[in-house]
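Asks: The structure under discussion is supplied below as structure tokens; questions concerning it will follow.
The values are calculated or read from the model by the stated rules, or taken from the named source; none is laboratory data. Keep in mind the model is a prediction, meaning the values are calculated, not measured. All Cβ positions, even for glycine, are placed from backbone atoms using ideal geometry, and neighbour counts span all protein chains on display. The area values use the complete protein model at the heavy-atom level, side chains included, leaving out ligands, DNA and RNA. Shrake-Rupley method; radii C 1.70, N 1.55, O 1.52, S 1.80 Å.
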Amino acid sequence: MAATRPGSAPVRFKSNYAVSRKIEPFYKGGKVQISRDGKHVFCPCGTKLNIMDIATGALVHSIEQDDQEDITSFVLSPDDEILVTGSRALLLKQWEWRENKCRRTWKAMHTAPVAAMVFDPTSTLLATGGCDSTIKIWDVVKQYCTHNLKGSSGVVHIVEFHPDISRLQLFSSSIDYKIQIWDLKSSKCIASLDGHYSAVTSLAFAADKDTLISSGRDKICMVWDLKTREAKRTVPIYESVEAAVLLPEDGDFSHLGVKKRGLHFLTAGSKGVLHIWDAATAACMYTQPVPYQRVDAKEKEEGSAHSLTQCMLVPGKNEIATVTAEHNIIFYDAQTLQLRKQFAGYNEEVLDVRFLGPADSHIVVATNSPQLKVFELATSHCQILYGHTETVLALDVFRKGLMFSSCAKDRSLRVWRMGKAGEVVCMAEGLGHAHGVGALSCSRMKESFVVTTSQDCTIKVWNLPESLTAKAKAGLVSSPEILHAHVTERGHDKDINSVAVSPNDKLIATGSQDRMAKLWSCPDCSLMGIFSGHTRGIWCVQFSPVDQVLATSSADGTVKLWGIHDFSCLKTFEGHDASVLKIVFVSHGTQLLSSGSDGLLKLWTIKTNECVKTLDAHEDKVWGLHCNKQDDLVVTASSDSCVILWKDVTEIELEEEQAKQEEQIMKDQELSNLLHEKKYLKALGLAISLDRPHTVLTVIKVILKETNGKENLEKNILRLRKDQKESVLKFLVTWNTNSRNCHEAQAVLEILLKHEAPDCLLQYEGIKTAVESLLPYTERHFQRLGRLVQASMFIDFMWQNMRLADV
């Protein structure tokens, strides 16, 4: 089905979209672990443990416990072979994680959930620290509990084996802020390292195996001598420390200020940046540059949302990985601390999304936070853009795809540009609205202006100076340039939910909670007309890319098309059972895609007013909807924290349908040839494989018409496989309901009953239903035959009486 426009090639209507990719939460907090080879990252996510491929960002496996309980802790063995998980159900499970198979399950024997786990260097002993103040050690190979260590105070949140296996020592820490050393030969606590005044967060052993570094939330790190079990040095860190990682002594860290050999360690904590310290002098050798601007003094002091919760060395890739409080996992080059890759583990509620880049290679996502996230679709690498200070509400992209705009509750507008390498910088900022800026639209012809609307009921037009875009192209933007509104106009009496700029940049449309859409001239914002007809607030307005038509969607569940010249309603599309939040034109303006607060997407053909397809993949309101330049991909974003890429599969389905039809024609021809050549067995087999009862019946009728037809039919039926006989039995039940086909049905049934043993027949699938269906019709057929026999005897009697006597 295609539409044709004058002077253009036919436009093929779309009929279906399929989910091409899903970006969904894979990490919701807790300890993250990376495999020793640096290829996989293990992330807890509620009841699941997700295993991600670091190179591609793809989900490899999602391990889930049968009890559907949250996973409280897990550990991967040093040889990357054994994975053990613990849940709130107090069960431990050992997994063959590459095959996603549970090898064994056993009771943790703790009376409360397991809080920490660790393997010894040989991957044979497993230590579990529980919320019940006990530590248990398990022999994973022989599968039994070797030690039950009691004496800790409260939750045991850290357990670590000493790297020297011959010492058989275990280190632990609980809420008493002490580090306990356990001798596994005697099962007793042989020492307690007391020096921290808050929770101990990590333990790191030096290469000499006699030095230990501990970090704590008391803003210090302590260097311990394990021979004397005394503190050698206290290093003030000036922030709450979540992790301390020792740098390899043989590594080259000269770029990070490490000029001489010695013990150096890296800390991560509440300020959200990495520091490198000299353990001998307690001096800070390097501080990572802050990748964002903080405006709040208290936030500047403590870091809050930007704080780091975990840090680890990835020796297989020569990388350092950090985990943030915002659930982001970041990989740095170990020698330079240059950012290599970043994953966003959790998006919260997604409010808007747009394709980005000249080839739509990225997407920019506005989540329920002040930061924007830019995902590279090929690798899942995520850039986090700092600038707004409150939740970002809306996005829009300029035509070329390199520049885009964002607006937020902080009453500001920001303009961003993507460089050739994919890095995004903020080039301009506009302030002037009295309330949060809820919607915006970029100019369509050139990168010349942005229109914003706000809860203050005003429309503002912001001009972008040509000098600004020239600077941005040359990479000369050092700080955002301040924009001033060129025009301000009070547009509606209630919140303005949506704004759109026409393809020729001469018109602006707005939609509001006051149930009206308005048309304005651009750039002076003079009112040209009002579109009135919706019974509830309007959520979205969109100009057609080819016609002088405006589309609006509303909380009344309808989508309307309006003529721009006379402001009349041309069409109304009804089908959504909830508010229609976003609309977009596809198929060169001949179709519409709409998204609703019920999580559904609907594809409409404008000419016929028909809903061609309803797509259901989201579980909550779909706030974001955007189509790429090629018109073959759609991206949607929802309150369910998911971003979904949809691929146009119309051509694929059409090709599949054509291939099926061609295959059908070939098989029909083959069947005809087999019948002509009297190869009845192959003909029956082919007709059964095609699941065509009428064709099977035709073959049987052809066989019965032959001389010795019954014998031929018997021979061919008996040579069929059991599954083929089951299919024939299912078919003959249907044939038997029609008097015209009952003879063939009864002939086949007779063969099956004569040659198949009762026990064998009872094994047939659906035999009971078949017998129940056959009995009443068979009785009816025999009654009819009885009447025919009686009628034929009367004819014979009449014939005998009508014969003339021999002369």
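Asks: What does the charge count near Thr458 come to, summing +1 for each Lys or Arg and -1 for each Asp or Glu among other residues with Cβ under 10 Å from its Cβ?
Replies: Net charge around Thr458: 0.
Asks: OK, next. Run the numbers on the chain and let me know its relative contact order in percent, using alpha-carbon pairs under 8 Å that are six or more apart. Intermediate results must be reported in sequence, preceding the final value.
Replies: Values: 1909 pairs, mean separation 51.2, N = 807.
With pairs under 8 Å counted, the relative contact order is 6 percent.
Asks: Still on this model: If the label point is 7 Å along Cα→Cβ of Asn100, which residues in region 40-60 have backbone nitrogen under 11 Å from it?
Replies: 51, 59-60
Asks: Need the C-alpha centroid separation for region 644-667 versus region 486-559, integer Å.
Replies: If you average the Cα positions of each part, the centres end up 40 Å apart.
Asks: For region 347-403, what D do you get in µm² per second when you plug the Kirkwood radius from alpha-carbon pairs into Stokes-Einstein at 10 °C and 1.306 mPa s? Don't skip to the end; give the middle numbers.
Replies: Details: Rh = 11.5 Å.
Rounded, D is 138 µm²/s.
Asks: Given charges of +1 on the Cβ of Lys and Arg and -1 on the Cβ of Asp and Glu, with all other atoms neutral, how large is the dipole of region 12-144 about its Cα centre, in debye to the nearest 20?
Replies: About 520 debye.
Asks: Continuing with this model, one more query. Residue separation times 0.36 nm, minus the C-alpha to C-alpha distance between Arg36 and Lys150: what's the value? Walk me through the numbers on the way to the answer.
Replies: On the way: separation 114, 0.36 × 114 = 41.04 nm, distance 3.17 nm.
Roughly 37.9 nm would be gained on extension.
Asks: Per residue, what volume in Å³ does the convex hull of the Cα atoms of region 353-474 enclose? Mind showing how you got there, number by number?
Replies: Details: hull volume 10.9 nm³, N = 122.
Per-residue hull volume (Cα only) is 89 Å³.
Asks: Contour minus end-to-end for His486 and Ser186, with contour as 0.36 nm per residue of separation and end-to-end as the Cα-Cα distance? Could you put the intermediate results ahead of the total?
Replies: Details: separation 300, 0.36 × 300 = 108.00 nm, distance 7.99 nm.
That pair, His486 and Ser186, stretches by 100.0 nm at full extension.
Asks: Just want the answer: with Cβ charges of +1 for Lys and Arg and -1 for Asp and Glu, which residue in Leu788, Thr72, Ala231 is farthest toward the dipole's positive end in the chain?
Replies: Projecting each Cα onto the dipole axis, the largest value belongs to Leu788.
Asks: Using +1 at the Cβ of each Lys and Arg and -1 at the Cβ of each Asp and Glu in the chain, identify which of Thr336, Cys311, Gly432 lies farthest towards the dipole's positive end.
Replies: Thr336
Asks: Give or take rounding to whole Å, what are the principal axis extents of the alpha carbon atoms in region 163-270, in descending order?
Replies: 47, 30, 18
Asks: Right, something else. Structure shown: which of Lys22/Lys613; Lys28/Lys582; Lys560/Lys647 lie over 24 Å apart, alpha-carbon to alpha-carbon? Please list the in-between numbers first.
Replies: Working: Lys22/Lys613 20 Å; Lys28/Lys582 29 Å; Lys560/Lys647 26 Å.
Over 24 Å apart, Cα to Cα: Lys28/Lys582; Lys560/Lys647.
Asks: Given a Förster distance of 35 angstrom, what is the FRET efficiency for Asp524 paired with Ser479, based on the Cβ-Cβ distance and rounded to 0.05?
Replies: 0.65
Asks: D for the chain, whole µm²/s, Stokes-Einstein with Kirkwood Rh over alpha-carbon pairs at 10 °C and 1.306 mPa s: what number?
Replies: Rounded, D is 49 µm²/s.
Asks: Sorting Arg444, Arg740 by accessible area (1.4 Å probe), largest first, what list results?
Replies: Arg740, Arg444
Asks: Looking only at Cα atoms, what is the convex hull volume of region 304-383 per residue, in Å³? Present the calculation step by step, with values, prior to reporting the outcome.
Replies: Numbers: hull volume 8.2 nm³, N = 80.
Per residue, the Cα convex hull of region 304-383 comes to 102 Å³.
Asks: In Å and whole numbers, how far do the C-alpha atoms of region 669-733 stretch along each principal axis, longest first?
Replies: Largest to smallest, the principal-axis extents are 27, 26, 18 Å.
Asks: Apply the Kirkwood formula to region 540-671: the hydrodynamic radius equals the inverse of the mean of 1/r over all pairs of different alpha-carbon atoms; give it in Å with one decimal.
Replies: Taking the inverse mean of 1/r over all distinct Cα pairs, region 540-671 comes out at 16.1 Å.
Asks: Compute the normalised compactness of region 56-151: alpha-carbon radius of gyration over 2.2 N^0.38 Å, N being the residue count.
Replies: Numbers: Rg = 13.1 Å, N = 96, 2.2 N^0.38 = 12.5 Å.
Its radius of gyration relative to the 2.2 N^0.38 Å reference: 1.05.
Asks: Mind listing the Cα extents of region 22-69 along all three principal axes, in Å, largest one first?
Replies: Cα extents, longest axis first: 31, 25, 18 Å.
Asks: To continue, here is another question. Only four residue types carry charge here, +1 at the Cβ of Lys and Arg and -1 at the Cβ of Asp and Glu. Report the dipole size of region 301-367 about the Cα centre in Debye, rounded to the nearest 20.
Replies: 380
Asks: Rounded to the nearest 10 degrees, what's the angle between the helix 742-755 long axis and the longest principal axis of the chain, both from Cα atoms, 0 to 90?
Replies: Tilt of helix 742-755: around 70 degrees.
Asks: Moving on to the next point. Could you tell me the calculated FRET efficiency between Leu753 and Gln664, based on Cβ-Cβ distance and R0 = 51 angstrom, to the nearest 0.05?
Replies: The pair Leu753/Gln664 has a calculated efficiency of 0.90.
Asks: Taking the Cα centre of the chain as the origin and placing charges on Cβ (Lys, Arg +1; Asp, Glu -1), which of Val696, Thr552, Ser526 is farthest toward the positive end of the dipole?
Replies: Highest projection toward the positive end goes to Val696.
Asks: Something else now. Short version: ³J(HN,Hα) in whole Hz for each residue of region 708-713, in order, from phi by Karplus 6.51 cos²θ - 1.76 cosθ + 1.60 (θ = phi - 60°), x for Gly and Pro, what are they?
Replies: 6, x, 4, 5, 5, 5
Asks: Lys660 accessible area, nearest 10 Å², 1.4 Å probe?
Replies: About 130 Å², rounded to the nearest 10.
Asks: May I pose another question? What does the charge dipole of the chain about its Cα centre add up to, to the nearest 20 debye, if the Cβ of each Lys and Arg holds +1 and the Cβ of each Asp and Glu holds -1?
Replies: With only Lys, Arg, Asp and Glu charged at Cβ, the dipole is about 600 debye.
Asks: Got a number for the accessible area of Ile190? Probe 1.4 Å, square angstrom, nearest 10.
Replies: Approximately 70 Å² for this residue.
Asks: Turning to a different aspect of this structure: For region 620-667, what does the equivalent ellipsoid look like in terms of its semi-axes, each the square root of 5 times an eigenvalue of the Cα gyration tensor, given largest first in whole Å? Walk me through the intermediate numbers first.
Replies: Values: eigenvalues 236, 31, 6 Å².
The answer is 34, 12, 5 Å, longest axis first.
Asks: Kindly provide the GluC sites (Glu not before Pro) of region 587-652 that DSSP labels as loop, not H, G, I, E or B, and whose Cβ sees at most 14 other Cβ atoms within 10 Å.
Replies: Qualifying residues, ordered by number: Glu619.
Asks: Which semi-axes, in whole Å and largest first, does the equivalent ellipsoid of region 618-738 have when worked out from the alpha carbon gyration tensor as the square roots of 5 times its eigenvalues?
Replies: Values for region 618-738, descending: 50, 18, 10 Å.
Asks: Quick check: the distance between the Cα centres of region 137-186 and region 738-760, to the nearest angstrom?
Replies: 75
Asks: Now a separate question. Show the residues, 5+ positions off or on another chain, whose built amide H is closer than 5 Å to the amide H of Leu393.
Replies: Cys407, Ala408, Lys409
Asks: Got a sec? What order do Tyr386, Tyr197, Tyr764 fall in by accessible area at 1.4 Å, biggest, i.e. largest, first?
Replies: Descending order: Tyr197, Tyr386, Tyr764.
Asks: If you roll a 1.4 angstrom probe over the protein chains with everything in place, what fraction of the accessible area of the chain belongs to carbon and sulfur, to the nearest %?
Replies: Accessible surface attributable to carbon and sulfur in the chain totals 51 percent.
Asks: What nm distance separates the two modelled labels at Ala434 and Thr778, each placed 7 Å from Cα along Cα→Cβ?
Replies: That separation, rounded to one decimal, is 8.8 nm.
Asks: Turning to a different aspect of this structure: Which whole-number percent is the relative contact order of region 324-444 (Cα, under 8 Å, 6+ apart)? Mind dumping the intermediate values first?
Replies: On the way: 288 pairs, mean separation 20.8, N = 121.
Across region 324-444, relative contact order equals 17 percent.
Asks: Send over a whole-number figure in Å² for the accessible area per residue of the chain, probe 1.4 Å.
Replies: Values: 37390 Å² over 807 residues.
Result: 46 Å² of accessible area for each residue.
Asks: Here is a follow-up. How long are the three semi-axes of the equivalent ellipsoid for region 473-606, computed from the Cα gyration tensor as the root of 5 times each eigenvalue, in whole Å, largest first?
Replies: 27, 18, 16
Asks: At 0.692 mPa s and 37 °C, plugging the Kirkwood radius over alpha-carbon pairs of region 682-807 into Stokes-Einstein gives what diffusion coefficient in µm²/s?
Replies: Estimated via Stokes-Einstein, D reaches 201 µm²/s.
Asks: Just to verify a number: FRET efficiency for Leu761 and His694, C-beta to C-beta distance, R0 = 25 Å, to 0.05?
Replies: 0.50
Asks: Then there's this: Hey, what's the Cα Rg ratio for region 96-204 versus the globular rule of thumb, 2.2 N^0.38 Å?
Replies: Its radius of gyration relative to the 2.2 N^0.38 Å reference: 1.07.
Asks: Accessible surface of His255 in the full protein assembly, 1.4 angstrom probe, to the nearest 10 Å²?
Replies: Here the accessible area works out near 130 Å².
Asks: Another question, then. Can you give the Rg to Rh ratio for region 83-131, taking only C-alpha atoms and Rh from Kirkwood?
Replies: Rounded to two decimals, Rg over Rh is 0.97.
Asks: For Asp620 and Leu168, compute 0.36 nm times the residue count separating them, minus their Cα-Cα distance, and round to one decimal in nm.
Replies: Working: separation 452, 0.36 × 452 = 162.72 nm, distance 5.30 nm.
Taking 0.36 nm per residue and subtracting the Cα distance, the gain is 157.4 nm.
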